[in-house]
1. Which residue out of Ala203, Ala189 is more than 17 Å from the chain's Cα centre (by Cα), over 24 Å from Gly62 (Cβ atoms) and aliphatic (A, V, I, L, M)?
2. If I ask for residues that are of a type in the set (D, E, K, R) and in a loop (DSSP other than H, G, I, E, B), which ones from region 167-190 would you list?
3. Quick check: is even one residue across region 191-205 buried (at least 22 other Cβ atoms within 10 Å of the Cβ) and in a loop (DSSP other than H, G, I, E, B)?
4. For region 130-139, give me each residue that is surrounded by fewer than 17 Cβ atoms within 10 Å (Cβ to Cβ) and not in a loop (DSSP other than H, G, I, E, B).
5. Just to be sure before I move on: is Arg157 part of a helix (DSSP H, G or I) and free of Cβ contacts under 8 Å to residues at least 24 places away in the same chain in the structure I sent?
6. Return the only residue of Gly120, Gly62 being out of contact with any strand residue (DSSP E or B) (no Cβ under 9 Å at 6 or more places or on another chain) and not aliphatic (A, V, I, L, M).
7. Output the number of the condition that Lys192 fails; it satisfies all remaining conditions of (1) free of Cβ contacts under 8 Å to residues at least 40 places away in the same chain; (2) touching a Pro at 6+ places or on another chain (Cβ under 7 Å); (3) under 24 Å from Arg134 (Cβ atoms).
8. Considering Leu14, Leu38, Leu61, Leu22, which residue is of a type outside the set (Gly, Ala, Ser), at positive phi and modelled with pLDDT of 95 or more?
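The values are calculated or read from the model by the stated rules, or taken from the named source; none is laboratory data. Since the model is a prediction, treat every value here as computed from it, not as a measurement. Cβ placement follows ideal geometry from the backbone for every residue including glycine, while neighbour counts extend to all protein chains displayed.
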Amino acid sequence: MRRPFVAGNWKMNLDRASAVALAEGVAKGADSLVGVDLAVCPPSCYLEAVGRAIAGSKIALGAQNMYHQPDGAFTGELSAAMLRDLGCTYVILGHSERRHILGETDEEVNKKVHAALAAGLTPIICVGELLAQRKAGQTMTVIRRQINGSLAGLSPRQMTGIVIAYEPVWAIGTGEVATPQQAEEVHSALRKIVEDRYNDSIAGSVRIQYGGSVKPENAAELLGRPDIDGALVGGASLKVEQFLGIAEKAG
């Protein structure tokens, strides 16, 4: 049985004081939650402060991105070892905003996945289609390409150490949300892709989150689907009550 996993992606929001206050609120509220794993992914400049705020709680710390090289002349980048040094256990890789705004490729995501795993981080690997691609019936073509490219060269053992997040790009920050049927259809297909690449045991163990305008109001129906194992939450993760409300529906 896969344990649900809900992570908050705070993106480029908050200041130091509000980030710490949010982290403290989430950590305190999570005490009563059972049956669900939780993480918060603040902006990199607040990782250390947030890490201190959630120390000893049920909340894990994650980063929003990293670079694949271990060190060197890469101004502005952070390595996997640096994230581990700050207390991170998760890192989001290949988020749609990095793919579609910043031009990140499947090959670049793949390099980061290997580097993260080598450093002992759990990558949350994001995939998802644009609205035009969905309307053109290309959803699974896009998803398959992103999965095959992002997971290239991963051994079966490595595959058990990742999380996948399906984020339809047209539903991120728009207020639109995939119907539970649409989300489950893609999640089920994603699991079949993993099964075809590896085996049914690995496919059955990999957690696949849904991301895209998840709120407490729609969380129960989405997270109740058999192949949806939690959520990667954007805007709603910036409010203690909303994030915990989603987590409660997942447990």
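1. Working: Ala203 fails: over 24 Å from Gly62 (Cβ atoms).
Ala189 is the lone residue from the list that is more than 17 Å from the chain's Cα centre (by Cα), over 24 Å from Gly62 (Cβ atoms) and aliphatic (A, V, I, L, M).
2. Applying the first criterion (of a type in the set (D, E, K, R)) to region 167-190 yields 167, 176, 184-185.
Glu167, Glu176 - these are the residues of region 167-190 that are of a type in the set (D, E, K, R) and in a loop (DSSP other than H, G, I, E, B).
3. no
4. Leu131, Ala132, Lys135
5. Values: part of a helix (DSSP H, G or I): yes; free of Cβ contacts under 8 Å to residues at least 24 places away in the same chain: yes.
So Arg157 passes the test.
6. On the way: Gly62 fails: out of contact with any strand residue (DSSP E or B) (no Cβ under 9 Å at 6 or more places or on another chain).
So the residue among Gly120, Gly62 that is out of contact with any strand residue (DSSP E or B) (no Cβ under 9 Å at 6 or more places or on another chain) and not aliphatic (A, V, I, L, M) is Gly120.
7. (2)
8. Details: Leu38 fails: at positive phi; Leu61 fails: at positive phi; Leu22 fails: at positive phi.
Of Leu14, Leu38, Leu61, Leu22, the one residue that is of a type outside the set (Gly, Ala, Ser), at positive phi and modelled with pLDDT of 95 or more is Leu14.
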